[in-house]
C-alpha cells in the first residue's frame, strides 16, 4: 500500500506540471526577410597583383548578415586530384617557393573579408600559379557552431552549416 501511495505522490506533480499551459506570450521581433543568420559558404576567384596591392576585398552577399560573434574562415583551393576531388586548405597557408616564403592570409569585418598575399620577397616575382585565378571559399560560422566542428576540414564546416557544394554562391570580381 505504501508503494502505491508513493507512486501516486510522485506521478501527481509530474502530471500537473506537464499538462499546464499558460498564455502564449508576446510574439518575437520580425526576422530579416531573405537574410541568413545561420552562416554560409561562398566562393570567390581572386587575382593578386601590384595594382590591388596583392589584396582582394570581398563584400558578403546581401543575403548574409555577419555579427561580431561570428567566425569567418577562408579556404584556398590548392589542387584537384586526378579523381576530381578538391583539396582545400585553411588560411593562413604558407608556400615555399624558389624566391622565398609566400603566405595567403585574410582579415574580416562585419561587412567584408580581405584576402591578401605577403612574402619575404618582392611579390611581383611570385608566379601566376600563386597570383592568378585563385579559388577561395569563405565560410561564415556562427559562434555557437565554432566549438563543435573541425575548422581544418572544409567538408566538416559545410556539413555543420548544412551547405552543399551546389548551393555555394560564386562571386566574381575584377
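Summary table
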{"read-out": "FRET efficiency, residue 90 to residue 23 (Cβ-Cβ, R0 41 Å, nearest 0.05)", "value": "0.25"}
{"read-out": "Residue exposure sequence - 89, 51 - by fewest surrounding Cβ within 10 Å", "value": "51, 89"}
{"read-out": "Residue order, fewest to most beta carbons within 10 Å, for 70, 122, 112", "value": "122, 112, 70"}
{"read-out": "Overall dimensions of region 36-171 by Cα: Rg and Dmax, Å", "value": "15.0, 44"}
{"read-out": "Net length gained if the chain between residue 109 and residue 81 were fully extended (0.36 nm per residue, minus Cα distance)", "value": "6.7 nm"}
{"read-out": "For region 59-162: relative contact order, % (alpha-carbon pairs under 8 angstrom, 6 or more apart)", "value": "31"}
{"read-out": "Label-point separation, residue 166 to residue 51 (7 Å along Cα→Cβ), nm", "value": "3.8"}
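Values quoted throughout were computed directly from the atomic coordinates according to the rules given, and no laboratory measurement underlies them. These figures come from a predicted structure and were not determined experimentally. We place every Cβ from the backbone using ideal geometry, glycine too, and count neighbours over all the protein chains shown.
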